[in-house]
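The values are calculated or read from the model by the stated rules, or taken from the named source; none is laboratory data. Keep in mind that what you see is a predicted model, and the values were worked out from it rather than measured. When we count neighbours, we look across all protein chains shown, and the Cβ atoms used for this are built from the backbone with ideal geometry, even at glycine. Each accessible area value is taken on the protein alone, full model and side chains, heavy atoms only, with ligands, DNA and RNA left out. Shrake-Rupley method; radii C 1.70, N 1.55, O 1.52, S 1.80 Å.
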Amino acid sequence: MADALSIGVNLEAFSQAINAIQALRSSVSRVFDCLKDGMRNKETLEGREKAFIAHFQDNLHSVNRDLNELERLSNLVGKPSENHPLHNSGLLSLDPVQDKTPLYSQLLQAYKWSNKLQYHAGLASGLLNQQSLKRSANQMGVSAKRRPKAQPTTLVLPPQYVDDVISRIDRMFPEMSIQLSRPNGTSAMLLVTLGKVLKVIVVMRSLFIDRTIVKGYSENVYTEDGKLDIWSKSNYQVFQKVTDHATTALLHYQLPQMPDVVVRSFMTWLRSYIKLFQAPCQRCGRFLQDGLPPTWRDFRTLEAFHDTCRQ
């Protein structure tokens, strides 16, 4: 955990700067010792004055030299990262008995967990606020016959309307091809091919996206009987990560009154993965972290982030 705190700090220059501080303190101490001792060890007054001045000048030169060296090293030390999530709590990582008292690692894990919990709770709250499921004690006693029956919205759209929406989205993105099929009746299934990067199986109920599975471009997306395989995961961890993020995106893009906008927004977000292996992380600037490219795409800006850098 000490590495997390030392981001942006030259530890070798930091060690040399500590030694330079000690040398500067010694030089200053010698200056005051020289002033305290005064003119000694010479028989004549003129000899004592010359010896005192020469000794005093040598000590001042030593102070000046050590001060210049400390200023030079201070420029090489650098500044610690200001993006540390726990701020001053990161000093706990300097504990030499970290293996026996892993307090900092536990704090960092708890912080990441609570941050993710807050994020997903916000998404769930937004979805629940969009639904008209308000109930009170008075309504619980109302007869089922008198209670108005809620009419479905996205499930009553005709298949022709769904085909038209998918066709318009297919024409919007030249680098994305969409194949629509209905192997199980009216419910549509989409095979989205994004360049030569990945393939996405989208299971729909009318214009409501029910499930997404992301696989590599060269992976097989069909079962032995020639149907789209909607259950098998990708063999690669990077596309498993993208599948998880796509599921989160489905929770984010929710607008029951305008389902075509939801599908178009999701496809626009999915199109941002055209540079999955080319775009660096907008936070750390790296292309790989733990062997994986930036798999997260911001829902608003579509910028690329590593899963740990998006916090």
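Solvent-accessible area of the range 201-273 (1.4 angstrom probe, protein heavy atoms only): carbon and sulfur portion equals 50 percent. Charge dipole of the range 161-244 (Cα centre as origin; +1 on each Lys and Arg Cβ, -1 on each Asp and Glu Cβ, all else neutral): 140 debye, rounded to the nearest 20. Among the listed pairs Lys215/Lys275; Lys227/Lys275; Lys199/Lys227; Lys116/Lys233, which are separated by more than 26 Å between their Cα atoms? Those over the limit are Lys227/Lys275. What the Cβ-Cβ distance of Phe173 and Ile230 gives, at R0 = 30 Å and to the nearest 0.05, is a FRET efficiency of 0.85. Only one residue of His245, Phe287, Phe266 has its Cα farthest out toward the positive end of the dipole of the range 240-311, where Lys and Arg carry +1 and Asp and Glu -1 on Cβ, and that residue is Phe287.
Measuring with a 1.4 angstrom probe and ignoring ligands and nucleic acids, Thr308 comes out at about 80 Å² accessible.
Taking every pair of distinct Cα atoms and averaging 1/r, then inverting, what Kirkwood hydrodynamic radius in Å comes out for the range 202-311? If you can, show how the numbers build up before the last one.
Details: mean 1/r = 0.0670 Å⁻¹.
After inverting the mean inverse Cα-Cα distance, the result is 14.9 Å.
What you get for the range 166-311, charging only the Cβ of Lys and Arg (+1) and of Asp and Glu (-1), is a dipole of about 300 debye around the Cα centre. Once R0 is set to 22 Å, what does the formula 1/(1 + (r/R0)^6) return for the Cβ-Cβ distance between Tyr111 and Asp307, expressed as a FRET efficiency to the nearest 0.05? It comes to 0.90.
What's the ranking of 118-128, 266-276 by average number of surrounding C-beta atoms within 10 Å, highest first?
Details: 118-128: 11.2, 266-276: 18.8.
For the peptides 118-128, 266-276, the packing ranking is 266-276, 118-128.
A Cα-only calculation for the range 250-311 places Rg and Dmax at 13.1, 41 Å. Here Phe305 sits with roughly 30 square angstrom of accessible surface, probe radius 1.4 Å. When the Cα gyration tensor is reduced to axis lengths a ≥ b ≥ c, the ratio a/c is 1.5 or higher for the range 151-232, and with a/b not above b/c it is classed as oblate.
Under 5 Å between amide hydrogens, built in the peptide plane, is the criterion, and for Ala188 it picks out Met204, Ser206 among residues at least 5 positions away or on other chains. FRET efficiency for the pair Ala51 and Leu76, taken as 1/(1 + (r/R0)^6) with r the Cβ-Cβ distance and R0 = 41 Å, rounds to 0.60.
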